[in-house]
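Report on the following structure.
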Amino acid sequence: MKSARAVAHTNIALVKYWGKRDSSPADLNLPAVGSLSLTLDRLRSETTVCPAGHDSFTLNQEPASGEVAGKVLRQLDRVWQAAGHAGPRPPCEVVSRNFLPTAAGLASSASGFAALTLAAAAAFDHDPGRPALSALARRGSGSAARSLWGGFVRLERGVAADGSDCRAYPLHPQAHWDVRLLIVHTERGPKAIGSTAGMQRSRDTSPYYGPWVDTSEADLAAAEAALAARDLAVLGDIVEHSCFKMHACMMASRPPIVYWRGATLDVVHAVWRLRAEGLQGYVTSDAGPHVKVLCLSGQADDLAARLRDVPGVHAVDLVGPGPDPTVEVL
Ligand code: 2P0
């Protein structure tokens, strides 16, 4: 094997993924719905995979072990297996750094598993093309499948039992549309429940899970058309609808899954109030209390300044569309 390094940027879903299909083996990790995302500038993971005497994983300059390291090493095994090499996988040293705002509550799994998959594939001489690597990244984390491209990306739900058609593809490059995403950091509470367990609970107990799944393809089609037309009002309406529908499904789970805090709703209402005043921002939020606001670049600074004044807001980061990942053999 070789040594290789990859950089992949994180992404935020504009049309959300929540829920998994049954699969065999279970770690195929097949989403129940497709999703559509914006890859973000600056916020990224950088991962190096090198031959070593034994397996190790270092995250943000600290040695990692337990479940965190286990997930990384299992992903290496998958890439090795996909590469079709004879014999056992050679031991690897994996070193990864996340460049994400410290308190952002932004999952590193999207950029992390995308960078890991790309670096491992290059290290193991496996080059099946980005679409197949996207399907491989999905097995590490669903949202990682979308970080194989910059700009605007769609993850297809697919129908194949082996997950081969459950992969992302690029819709538009980074330069398609000069939008901004404001990441509005609100108060931090203990995380209600991790995404994987939360999705399982919603599927098993939420009466809204079926309707959530059944209506997602229509949201994807409408969002794709609005994105192609660069129509922020239409896209923003779908972005908010997908977000609130997902959170309604989460909240109706038993026990309830409530990621929002008081400040989360205060920010949502502030965005709506500002919209009535002509600042066109649209909210979305993920498995955490922070709010992300989609807007045009020309209004981003004004909107950020106004949202910094909302009580309970700690910081507002501005990010734009991000680039494709990069891979180099060292
Ligand atoms: C998304 N989320 O579309 C949704 C919205 C969270 C809420 O993708 O179980 O870490 O590893 O496939 O990718 C977070 O889920 O979940 C996520 P797994 P992942 O961005």
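The values are calculated or read from the model by the stated rules, or taken from the named source; none is laboratory data. All figures in this text were calculated on a predicted structure; none of them were measured in a lab. Counting neighbours? That spans all protein chains shown, and the Cβs are built from the backbone with ideal geometry, glycine included.
For the structure I just gave you, tell me whether GLY129 is under 16 Å from PRO51 (Cα atoms), of a type outside the set (A, V, I, L, M) and surrounded by fewer than 22 Cβ atoms within 10 Å (Cβ to Cβ). Criteria not met by GLY129. If you go through segment 298-330 and pick out every residue that is in contact with a Phe, Trp or Tyr (Cβ under 9 Å, 6 or more places away or on another chain) and either more than 22 Å from TRP177 (Cα to Cα) or acidic (Asp, Glu) (or both), you end up with 1. If you check VAL271, VAL239, VAL283 for being in contact with a Gly (Cβ under 6 Å, 6 or more places away or on another chain) and closer than 25 Å to VAL316 by Cβ, only one passes: VAL271.
Let's see how each residue does on (1) at pLDDT 95 or above; (2) buried (at least 22 other Cβ atoms within 10 Å of the Cβ); (3) closer than 24 Å to TYR169 by Cα; (4) over 19 Å from the mean Cα position of the chain (by Cα):
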| residue | (1), (2), (3), (4) |
| --- | --- |
| THR10 | yes, yes, yes, no |
| LYS20 | yes, no, yes, no |
| ALA26 | no, no, yes, yes |
| THR47 | yes, yes, yes, no |
| GLY53 | yes, no, no, yes |
| LEU73 | yes, no, no, yes |
| CYS92 | yes, yes, no, yes |
| GLY105 | no, no, no, no |
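The residues of segment 121-154 that are among the small types (Gly, Ala, Ser) and in contact with a His (Cβ under 8 Å, 6 or more places away or on another chain), listed by number, are SER147, GLY150, GLY151.
Can you tell me which of ARG97, ARG130, ARG180 is out of contact with any helix residue (DSSP H, G or I) (no Cβ under 8 Å at 6 or more places or on another chain), over 18 Å from LYS20 (Cβ atoms) and among the charged types (D, E, K, R)?
The unique qualifying residue is ARG97.
Among the residues in segment 155-163, are any free of Cβ contacts under 8 Å to residues at least 24 places away in the same chain and farther than 30 Å from PRO311 by Cβ? Among the residues of segment 155-163, at least one is free of Cβ contacts under 8 Å to residues at least 24 places away in the same chain and farther than 30 Å from PRO311 by Cβ, which makes the answer yes. One residue stands out among those in segment 162-189 that are among the small types (Gly, Ala, Ser) and out of contact with any Lys or Arg (no Cβ under 8 Å at 6 or more places or on another chain): the one that is surrounded by the fewest Cβ atoms within 10 Å (Cβ to Cβ), which is ALA175. Take ASP77 and tell me if it is over 24 Å from ALA52 (Cβ atoms) and over 17 Å from the mean Cα position of the chain (by Cα). For ASP77, the condition - over 24 Å from ALA52 (Cβ atoms) and over 17 Å from the mean Cα position of the chain (by Cα) - is not met. Answer with yes or no whether ALA287 is out of contact with any Lys or Arg (no Cβ under 7 Å at 6 or more places or on another chain), free of Cβ contacts under 8 Å to residues at least 24 places away in the same chain and either surrounded by 23 or more Cβ atoms within 10 Å (Cβ to Cβ) or outside the structural domain of GLY151 (by TED's automatic domain parsing) (or both). Answer is no for this residue.
For segment 263-283, filtered to residues that are among the aliphatic types (A, V, I, L, M) and in contact with a strand residue (DSSP E or B) (Cβ under 8 Å, 6 or more places away or on another chain), the residue that is surrounded by the fewest Cβ atoms within 10 Å (Cβ to Cβ) is LEU279. Of all residues in segment 190-201, those satisfying the criterion of being under 29 Å from VAL313 (Cα atoms) and surrounded by 15 or more Cβ atoms within 10 Å (Cβ to Cβ) are ALA192, ILE193, SER195, GLY198, MET199. Can you find a residue that is within 12 Å of the ligand (Cβ to nearest atom) and outside any loop (DSSP other than H, G, I, E, B) anywhere in segment 102-110? The answer is yes; a qualifying residue exists. Inspect all residues belonging to segment 230-243 and state whether any of them is closer than 21 Å to LEU155 by Cβ, of a type in the set (S, T, N, Q) and either outside the structural domain of LEU38 (by TED's automatic domain parsing) or without any contact (Cβ under 8 Å) to a residue 60 or more places away in the chain (or both). Yes, there is a match, as at least one residue in segment 230-243 is closer than 21 Å to LEU155 by Cβ, of a type in the set (S, T, N, Q) and either outside the structural domain of LEU38 (by TED's automatic domain parsing) or without any contact (Cβ under 8 Å) to a residue 60 or more places away in the chain (or both). Looking across segment 1-52, the residues that are in contact with a Gly (Cβ under 9 Å, 6 or more places away or on another chain), away from the ligand (no atom under 11 Å from the Cβ) and part of a strand (DSSP E or B) come down to ALA8, HIS9, THR39, LEU40, ASP41, ARG42, LEU43, ARG44, SER45, THR47.
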